[in-house]
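Structure, as structure tokens:
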Amino acid sequence: MHCAVIGAGIVGLSIGWELARSGYRVTLIDPEPATGATHAAAGMLAAVTEFHYQEQGLLGLSVPAADAWPRWARELEAASGRPTGFEACGTLVVAADGADRADLSALAEAQRTVGLGIGELGTAAAREVEPLLAPRLAGAFRAPGDARTDPRRTAAALLAALELESGVSVNRRRATGVVAGAHGPVVQTLGPDGAREDLEADEVILATGTGRTGERGGAGERISGLPASLRLPVRPVFGDVLRMRPTATAPRPAGSTVRALVSGQRVYILPRRDGEVVVGATEREDDQPGISVEGVHRLLRDALRVMPALAHYELVDLTARARPSTPDHLPLLGRIGPGLLAATGFHRHGVLLSVAAAATIRGLIGPVPGATPPRPPPASLDPTRLAPFDPWRFS
Ligand SMILES: Cc1cc2nc3c(=O)[nH]c(=O)nc-3n(C[C@H](O)[C@H](O)[C@H](O)COP(=O)(O)OP(=O)(O)OC[C@H]3O[C@@H](n4cnc5c(N)ncnc54)[C@H](O)[C@@H]3O)c2cc1C
């Protein structure tokens, strides 16, 4: 059975690897693999601290995904021979002033109400965990179960595992349409030289995000031939993110991811084992794919308020990309019709949810005929909790 995955960001690559190692023949189609939102993402695997009010629907994917990540990362590192950057690090959440503390306290209560593990720590105890925290903070909480990965390294490991294990490399073409063929769906593609090529498959998976420049409309508007009544309303929510490194004399953070609320504005500081520190991220709906001066200014101001030692770091990378977002902030994940599935609209959580997306798509396609015994899925999902992600819900 042949599966064609359109889009090789973290979601398409994870689906492709899962299908390939389950025994399917896989083709990945993407003119610029892993250069979209995946290239910008900090890589927080934060089922707890990324939970916001009104997002209960997400728990059916986010909690199994967070549980699955440690094993999945180990398997990927073994298959690819490359690091993923996965670290079980926990998250500290700190408040800059009294109003921020009240907001974070209410959010932590909401997170506990849905069964997520977060507790109040106090600022003195928080500074014992992370000595680089500023002396004047108003409150601190800790979510020990949150983890992180390095999405650029994880994507490189997925590309390597696909190549090494299954001989699959990305077909660097743009998909322009999906039409019905004599034996199943046919993906119409355009090469860099303008040459057209059709590709037959048994199952086609749309994992297109919003692309490198954050195109409005998502797959629904950019790929022709989808059902006329189907609406996949994916819109770009741009984010600016900074990467910095300590200079020779600058101290390094202890290791937890730090999230903060500073006068009502969110900022996070994510230190990696190799010294890189990621500071992010803005949320802009201004259709500007370039890096925002105002956004960078705000991130630096708030990060330095929380961790003043970062002033001695060297800024090494500024990136802006678009989160592929939907009106209800939940992904579009499921079957569109015979031979056609969607896995897009992962908004702020695509890195965390990639492993759950892979498990869902594999479950929907079913076992490879004749494969015994089937490999266990990467994440255990309750099918009754997948209804909120129905790709038809806006149609
Ligand atoms: C600043 C920022 C920080 C973030 N931080 C986090 C985080 O800490 N944790 C987390 O879980 N998530 C985070 N996210 C969200 C996460 O990055 C996204 O949800 C995730 O990358 C979505 O993955 P994707 O594969 O769907 O999309 P993308 O990574 O955008 O990949 C889509 C791919 O599809 C390809 N494509 C598009 N159209 C076509 C076509 N017609 N034919 C062929 N290929 C096509 C593109 O070239 C691209 O490679 C962050 C996002 C941003 C912007």
I need the full set of residues from segment 87-109 which are surrounded by fewer than 20 Cβ atoms within 10 Å (Cβ to Cβ) and assigned to a helix (DSSP H, G or I), in order please. G98, A99, A102, D103, S105, A106, L107, E109
In segment 280-292, what residues are under 17 Å from T149 (Cβ atoms) and modelled with pLDDT of 95 or more? G280
Can you tell me which residue in segment 362-393 is nearest to I205 (Cα to Cα), limited to those that are in contact with a Gly (Cβ under 9 Å, 6 or more places away or on another chain) and among the hydrophobic types (A, V, I, L, M, F, W, C)? L364
Qualifying residue in segment 58-65 (condition: more than 23 Å from F141 (Cβ to Cβ), in contact with a Lys or Arg (Cβ under 7 Å, 6 or more places away or on another chain) and outside the structural domain of L164 (by TED's automatic domain parsing)): no
Counted residues, segment 206-251 - those being farther than 29 Å from Q265 by Cβ, modelled with pLDDT under 95 and assigned to a strand (DSSP E or B): 2
List, please: which pairs have Cβ atoms under 9 Å, are six or more places apart or on different chains, and start with a residue in segment 191-211 that is more than 17 Å from G16 (Cβ to Cβ) and hydroxyl-bearing (S, T, Y) and end with one that is within 15 Å of the ligand (Cβ to nearest atom) and part of a loop (DSSP other than H, G, I, E, B)? T210/G36; T210/R216
Taking P31 as the residue in question, decide whether it is in a loop (DSSP other than H, G, I, E, B), out of contact with any Cys (no Cβ under 7 Å at 6 or more places or on another chain), closer than 26 Å to G239 by Cβ and more than 16 Å from the ligand (Cβ to nearest atom). no
Just a yes or no: is a residue in segment 112-131 of a type outside the set (S, T, Y) and either closer than 30 Å to G191 by Cβ or touching a Pro at 6+ places or on another chain (Cβ under 7 Å) (or both)? yes
Determine the pairs where a residue that is within 14 Å of V237 (Cβ to Cβ), located within segment 325-347, has a partner that is of a type in the set (D, E, K, R) and part of a strand (DSSP E or B) with Cβ atoms under 7 Å apart, the partner being 6 or more residues away or on another chain. S325/R235; H347/R323
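So that you can scan it fast, the table gives a plain yes or no per residue for (1) modelled with pLDDT under 95; (2) touching a strand residue (DSSP E or B) at 6+ places or on another chain (Cβ under 7 Å); (3) in a strand (DSSP E or B); (4) closer than 30 Å to L230 by Cα:
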residue: L137; (1), (2), (3), (4): no, yes, no, no
residue: R153; (1), (2), (3), (4): no, no, no, no
residue: L159; (1), (2), (3), (4): no, no, no, no
residue: H183; (1), (2), (3), (4): yes, yes, no, yes
residue: V187; (1), (2), (3), (4): no, yes, yes, yes
If you go through segment 145-193, how many residues are exposed (fewer than 15 other Cβ atoms within 10 Å of the Cβ) and within 30 Å of A66 (Cα to Cα)? 5
Condition broken by F51, with the remaining ones in (1) in contact with a strand residue (DSSP E or B) (Cβ under 6 Å, 6 or more places away or on another chain); (2) outside any helix (DSSP H, G or I); (3) among the aromatic types (F, W, Y) satisfied: (1)
State whether one or more residues within segment 41-53 are touching a residue at least 12 places away in the same chain (Cβ under 8 Å) and over 26 Å from A110 (Cβ atoms). no
Going by what's in this entry, would A20 be described as of a type outside the set (D, E), surrounded by 19 or more Cβ atoms within 10 Å (Cβ to Cβ), in the same structural domain as G184 (by TED's automatic domain parsing) and within 16 Å of the ligand (Cβ to nearest atom)? no
Just for strands (runs of 3 or more DSSP E) wholly inside segment 313-371: which have at least 1 residues that are among the polar types (S, T, N, Q) and on the phi > 0 side of the Ramachandran plot? none
Can you name every residue in segment 243-284 that is more than 17 Å from the chain's Cα centre (by Cα), more than 26 Å from L121 (Cβ to Cβ) and buried (at least 17 other Cβ atoms within 10 Å of the Cβ)? R243, R284
In segment 42-97, which residues are of a type in the set (D, E, K, R) and farther than 30 Å from E165 by Cβ? E50, E55, D97
Here is a list: I365, I291, I336. Which entry is assigned by TED's automatic domain parsing to the domain that holds G184 and within 16 Å of the ligand (Cβ to nearest atom)? I336
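The values are calculated or read from the model by the stated rules, or taken from the named source; none is laboratory data. In this text the structure is predicted, and so the values were computed from the model without any measurement. Backbone-built Cβ (ideal geometry, glycine too); neighbour counts: all protein chains shown.
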